[in-house]
1. Here are the criteria: (1) out of contact with any strand residue (DSSP E or B) (no Cβ under 8 Å at 6 or more places or on another chain); (2) under 30 Å from His105 (Cα atoms); (3) crowded, with 23+ Cβ neighbours inside 10 Å. Tell me which single one Asp341 does not satisfy.
2. If you take the residues of segment 287-346 that are polar (S, T, N, Q), within 16 Å of ligand 2 (Cβ to nearest atom) and over 24 Å from Ile226 (Cα atoms), which of them is modelled with the highest pLDDT?
3. Take segment 202-241 and flag every residue that is more than 11 Å from ligand 1 (Cβ to nearest atom) and among the basic types (Lys, Arg).
4. If Gln55 satisfies every condition in (1) under 26 Å from the mean Cα position of the chain (by Cα); (2) part of a loop (DSSP other than H, G, I, E, B) but one, which is the exception?
5. Could you check, for segment 255-271, whether at least one of its residues is surrounded by fewer than 22 Cβ atoms within 10 Å (Cβ to Cβ), touching a residue at least 60 places away in the same chain (Cβ under 8 Å), away from ligand 1 (no atom under 16 Å from the Cβ) and of a type in the set (S, T, N, Q)?
6. Read through the list (1) more than 21 Å from Pro173 (Cβ to Cβ); (2) away from ligand 2 (no atom under 16 Å from the Cβ), then give the number of the only condition that Glu223 fails.
Amino acid sequence: MSQTEGQHSSDQPPAVILTVTAGSISGKTFVMDSNTTFLFGRGRACDARITEDEQVSRHHFIIEANPPEAVLRDLGSLNGTYLNDKKQGGRDKNASPEDAATVKHPAVPIRDGDQIRVGKTTISVTVREAVRCAKSSKVAEPLLTHATLPEEQLRSMLFSDPGTSDGSKISVPGCTILEEVGRGPYGSVYKAARNNEARPVAVKVLIARGEVSERARTLFAKEMEIASRLTHPNLVRILDFGIAEALFFIVSEYCSGGSLASKMRERGGTLSYGDIQPWIHHGLEALADAHRHKFVHGDIKPSNILLQQRAGGLVAKLSDMGLMRGFQKLGLAGLSLLQNDPTRILFQPRELFCGDREVSPASDVWSFAATLYHALTGAHPYPFDGQRESVDVVLGEEPIPLEARGVALPAHLQSMFARALDPDPSKRFHDAGEMLDCFHTE
Ligand SMILES: Nc1ncnc2c1ncn2[C@@H]1O[C@H](COP(=O)(O)OP(=O)(O)O)[C@@H](O)[C@H]1O
Ligand SMILES: [Mg+2]
């Protein structure tokens, strides 16, 4: 997001532009021209920070934009957020602050011409639509293939109840779909046989939410092309990928041992340090290699640490390298990320919700440590209670040390976790290589 004087010209990308027309920061303009968030409140992390208005709560409201669309959500503020004079959120007159904090408020769409008001501040919304070229009637030449079903049918198939979808209707050249193995927020993953290879492969089919521009397709392909060049034994190898209209296919190595998430479920919710010790090493090796190649993962979480049976035991492999980052950045993840993929925030560091929101090697370090923390405790570094808005918790609370969750580890590992989970990225390990060095020093 950028603050500008707000010039408009026809060759600019779609944007949601917020202009403050009244209050202490009147005259400021915030331009949301990519998939991003905007925070309003008294808190230090806020993009629009109002310090001298008692009606404003610390984290008052959030806007998520996937331009030209955007939604606004009150974050459980005391006085509510007025959208065109209609109150959103806020505390019921008779409710205690504790009760009010547990009420979740829905995201409401915001449109061109809307007025947002909190206390003395008024913000007007301008939506700049994309300049659209006439749509060619020719179907874009898929890089890999296209499915045999119309998009709507595919969409309902990919998002229907797991187990009810029929993967045999998806055709990927050279691949025979065998069975569905899992669901993610944007599609399904199938086990498949490829050509005459003995080893099975995984075929992931994603559907973008919303329209996909030619530019987004090209940039996404470029990103996947770079990711597929990363070859490390602890990285799920991308074998092929393709894009057809709004469909994205990724063919990768198949991991038969489940994921860290399924292992946790199998073992009743948590794993011991002894269980995960080799996987910490594997994950850090793969991540350090990616960071050396100036590539960041952006979506490390238990379901993206897959396990593969090898002679010496289960080996951990990082999957989905760079995938969601590209998908989100290009606006393919739709609105609202917080609603479509609500568990993602549990593994994301604070800096992705404020400031420049850039994914960095240090943010991967945080996510990796948070994933291990979850495996060991069943809990998360930030004290989510399922009630308060998770963004408000991430921005307003401090991570709970691992030892306070009853996990006793040698001192050097405790300090490794504390450093990796520091909310301030500059105090963290700079990258996975640095964390790996610490992991190995006793
Ligand atoms: N390469 C793979 N090999 C085996 N199983 C996989 C593979 N990739 C994904 N899966 C399974 O499919 C599920 C859905 O994956 P995905 O679409 O990436 O969503 P998420 O990572 O959010 O769970 C995963 O939880 C995992 O169990
Ligand atoms: Mg995944």
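The values are calculated or read from the model by the stated rules, or taken from the named source; none is laboratory data. The structure displayed is predicted, hence computed values, not measured ones. Neighbour counts are summed over all protein chains in view; Cβ atoms, including those assigned to glycine, are modelled from backbone coordinates with ideal geometry.
1. (3)
2. This residue is Thr343.
3. Selection gives Arg209, Arg215, Arg217, Lys222, Arg229.
4. (1)
5. Within segment 255-271, one or more residues are surrounded by fewer than 22 Cβ atoms within 10 Å (Cβ to Cβ), touching a residue at least 60 places away in the same chain (Cβ under 8 Å), away from ligand 1 (no atom under 16 Å from the Cβ) and of a type in the set (S, T, N, Q).
6. In the conditions (1) more than 21 Å from Pro173 (Cβ to Cβ); (2) away from ligand 2 (no atom under 16 Å from the Cβ), Glu223 misses (2) alone.
Listed here are the residues, each with its yes/no results for (1) out of contact with any Pro (no Cβ under 9 Å at 6 or more places or on another chain); (2) not assigned by TED's automatic domain parsing to the domain that holds Phe347.
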| residue | (1), (2) |
| --- | --- |
| Val236 | yes, yes |
| Phe241 | yes, yes |
| Ser262 | no, no |
| Leu271 | yes, no |
| Gly274 | yes, no |
| Gly283 | yes, no |
| Ala290 | no, no |
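Let's see how each residue does on (1) at pLDDT below 95; (2) part of a strand (DSSP E or B); (3) of a type in the set (Gly, Ala, Ser):
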{"residue": "Ile17", "(1), (2), (3)": "no, yes, no"}
{"residue": "Ile25", "(1), (2), (3)": "no, no, no"}
{"residue": "Phe40", "(1), (2), (3)": "no, yes, no"}
{"residue": "Leu78", "(1), (2), (3)": "yes, no, no"}
{"residue": "Lys104", "(1), (2), (3)": "yes, no, no"}
